[in-house]
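Computed from the coordinates by the stated procedures, all read-outs in this text should not be read as laboratory data. The shown structure was predicted, so the numbers you read here are calculated from the model rather than taken from an experiment. Because the Cβ atoms are built from the backbone with ideal geometry, glycine has one as well, and the counts that use them run over all protein chains shown.
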Amino acid sequence: MLAESLTGKSAPEFSGLRGWLNASPMTITGLKGKVVFLDFWTYSCVNCVRSLPHMKMLYTEYTGEPFVLIGVHTPEFEFEKLPENVASAVRRFGIGYPVAIDSENITWRLYGNQYWPRQTLIDSKGTVRWEHAGEGDYDKMEDRIRDLLKETGRPSGNKDNDRSNRLEKFGFMPNTTPEIYAGSLRSQGFGNGHVYPSGSRARYVDPGKHSRDIPYLNGDWTQFPEYIMHETSESGYILLKFGARNANAVMGVPDVKPVRVDVELDGKAIEKGKAGADVQWDSTGSFVLVAENRLYDIVRTKAFETHELKLITKADDLRLYTYTFG
C-alpha cells in the first residue's frame, strides 16, 4: 500500500535534490505540457534493477513524444547517498534518461513513497494520474502513458501493439526466497545467533545443518544497523540456503582496495553456467572482488533451483548488507 495516494492531486515539486545526471535541472512546473513519468529507484535494489530494461524501453519508445521519463534515485542505504556512487551505477546500467539524485529522500517523502521501485505518472497539466509500487504491470503502465499522450493531442499512433515483441516479462517464481537483511535494523536474526545491539561483536560457529531462507555465520562478526562486518583476518563465512533463479548480495568495504570473497555453491566452485556477471575464476576456485558498495550478481540459473551459497572472506572489513533473489 502507498502511504497516501496523490492521484488527482497536483504533483509536488522536486525538492532537496543533490544534482542531476544526463540532464540539466528540471522542475515539475517547467515540464507542464508534457507527460511525465517518475521512476523512484535505488541502485542496490534488485527489484529496481530488474525493472530497468522496461524503463529503458519506455524512454527509447516514446522519445520524440511530449513525454519525459525521470529516474528519481532515492537511497535505501547510507552508501547510496553519494552522488558519485549513483553516477557510477547509472553508467554501469547504461541508463541514458535523466536521473534526479534525491539523496535525503525529500522528494521521495513528498510523493508518499514507502517501497522500491515506485512509479508516478503525471499528465500534461501537472496532475498525478497514476501510481504504482513494485515490479510488474508493465502493459498497464504503457497503456496509461498512451492514454495521457492522447490527451495532449499528439497521440503516439505508430507504436507496435504486440508487446511480446518488445517487453521483457518479469516476475518472481513461487516460493522464491525473500530479501534478507543482515543489519540489526531489519534483520530477523541468524540460524546460529540473534539480532544483537548495534556494534556488538560475536563469534559464530556453523552448526552444520541449515534451514532454508535463514543465514548462518561462521567466524567473528559485528552487527551494525545496516550491515554485518567480518572482524578478523582469519577465514569466516556467511552461508544461506535459498530457492530462486538468481541470487545477489549487496556488499562493500570502507576503502576502495578490492577485497576477495570466495564463492561456493553447494560446497564447490560455481559452474560458469550458474554464475552471475560478477563471478570470476582462478586456479583456486570462484570468487567476487568487492571494491565498492553495490549489488553483486552471484548466482544466475535458467530455472528455479535450491542451493547453499557460501561467501568466504579473510578481510577484516567486509560488509554484507542484504541478500536479494529473483
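Here the extension length gained between residue 304 and residue 82 equals 76.4 nm, from 0.36 nm per residue of separation less the Cα-Cα distance. Over the range 261-310, the pair-distance histogram of Cα-Cα distances with 10 Å bins from zero comes to 26, 58, 16 percent, rounded to whole numbers.
The angle between the Cα long axis of helix 46-61 and the main principal axis of the chain comes to about 30°, on a 0 to 90 degree scale. Legend: translational diffusion of the range 1-115 by Stokes-Einstein, Rh = Kirkwood radius over C-alpha pairs, 10 °C, 1.306 mPa s; D = 109 µm²/s.
Applying 1/(1 + (r/R0)^6) with R0 = 35 Å to the Cβ-Cβ distance of residue 20 and residue 209 gives a FRET efficiency near 0.10.
Mind grabbing the base-10 log of I(q)/I(0) for the range 180-325 at q = 0.13, 0.14, 0.16 Å⁻¹? Debye formula, identical points on the C-alpha positions, no solvent, two decimal places. So the normalised log intensities are -0.51, -0.59, -0.79. Between residue 282 and residue 150, take the C-beta separation as r, use R0 = 41 Å, and let me know the FRET efficiency to the nearest 0.05. Computed FRET efficiency for residue 282 and residue 150: 0.10. Each Cα pair under 8 Å and six or more residues apart adds its sequence gap; the mean of these over the residue count of the range 20-165 is a relative contact order of 32 percent. The simple spin-label model puts a point 7 Å past each Cα toward its Cβ; for residue 56 and residue 110 those points are separated by 3.0 nm. Applying Stokes-Einstein at 37 °C and 0.692 mPa s to the Kirkwood radius of the range 82-124, computed over alpha-carbon pairs, gives a translational diffusion coefficient of 270 µm² s⁻¹.
Derived value for the chain: Kirkwood hydrodynamic radius 21.1 Å. Basis is the mean of 1/r over every pair of different alpha-carbon atoms.
With a threshold of 26 Å on the Cα-Cα distance, the over-threshold entries among 81/302; 9/32; 32/150; 56/241; 81/310; 34/81 are 81/302; 56/241; 81/310; 34/81.
At a Förster distance of 22 Å, what's the computed FRET efficiency of residue 222 paired with residue 257, Cβ-Cβ distance as r, to 0.05? Rounded to the nearest 0.05, the efficiency is 0.65.
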